[in-house]
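Just so it is clear, none of the values below were taken in a lab; they were calculated from the coordinates. Every value quoted in this text rests on a predicted model; they were computed, and no experiment measured them. No Cβ is skipped: glycine too gets one built from the backbone with ideal geometry, and neighbour counts run over all protein chains shown.
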Amino acid sequence: MRIGSPALLLFDLDGTLVDSAPDLAGAANDLRQVHGLPPLPYAALRPMVGTGARGMVGVAFGVTPGEDRFADLRDAFLARYAERMLHSTQVFDAMAPVLDRLDAAGQCWGIVTNKAMRFAEPIVVGLGLGTRAAVVIAGDTTPHAKPHPEPLLEAARRLGLAPAACAYVGDDERDVVAGRAAGMVTLAAAWGYLGQGEPVEGWGADHVLSSPADILQWLDLA
């Protein structure tokens with residue numbers, strides 16, 4: 001049972017704080033069009049958003065890392081995504097009032113994402129989160145990305161906090177793996193992209209949250 005609020009509440013970015021799937025899926029279909037292929041249904045692309053360029057190229061072209069075409073397709077995908085990454089991306093509608101309540105309550109929060117900083121920073125700033133988040137750790141901030149715990153540990157370290165005083169909210173199993181390895185409370189965001197692996201209930205998170213509002217319930221801020 002939770003005792004008191006965490007000193008730091010950390011969020012994954014894509015699929016947890018912001019809905020970036022429309023722009024990532026759009027970039028994938030833009031690239032398919034260049035190659036003379038018809039667009040894929042949004043429903044086929046959305047679950048793979050959490051796996052980044054690797055997953056999007058994989059589902060869009062059936063190519064995996066190590067294959068000859070992968071690097072070129074990945075680079076072309078990222079170039080198209082860079083051009084449109086704020087066209088439709090926005091903070092989840094249900095998350096916006098949660099962040100407002102956290103700010104009003106003085107709850108410190110930050111962001112830890114596997115997105116490279118060249119993409120993460122423009123999105124965080126462009127959506128007005130840059131001045132609100134206490135810390136932003138990207139996929140290339142440390143030598144390791146999630147599921148390694150180092151990005152989460154770095155977030156706590158930058159604010160002088162013990163990992164055990166922090167909680168991490170994410171919509172992918174690797175978020176739970178990273179959070180547990182870092183010694184943080186783990187909260188699985190069931191409204192996110194979730195991937196195509198183990199069901200969210202099987203990730204081993206300390207709590208599964210069905211909606212952003214559940215965060216306020218868990219913090220006794222509702």
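Quick look at the values:
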| read-out | value |
| --- | --- |
| Boolean, residue 176 is closer than 16 Å to residue 16 by Cα, without any contact (Cβ under 8 Å) to a residue 40 or more places away in the chain and surrounded by fewer than 22 Cβ atoms within 10 Å (Cβ to Cβ) | no |
| Contacts under 8 angstrom Cβ, first residue in the stretch 69-81 being farther than 16 Å from residue 118 by Cα, partner surrounded by fewer than 19 Cβ atoms within 10 Å (Cβ to Cβ), 6 or more apart | 69/63; 70/63; 70/64; 73/63 |
| Check on residue 94, surrounded by fewer than 17 Cβ atoms within 10 Å (Cβ to Cβ), in contact with a Lys or Arg (Cβ under 9 Å, 6 or more places away or on another chain), more than 24 Å from residue 163 (Cβ to Cβ) and touching a residue at least 12 places away in the same chain (Cβ under 8 Å) | no |
| Condition met for residue 72 (touching a helix residue (DSSP H, G or I) at 6+ places or on another chain (Cβ under 9 Å), farther than 30 Å from residue 165 by Cα, acidic (Asp, Glu) and assigned to a helix (DSSP H, G or I)) | no |
| Any helices (runs of 4 or more DSSP H) falling wholly within the stretch 109-182 and containing at least 2 residues that are closer than 21 Å to residue 46 by Cα | 117-126, 173-182 |
| Subset tally (residues that are assigned to a helix (DSSP H, G or I) and under 12 Å from residue 114 (Cβ atoms)) for the stretch 13-56 | 7 |
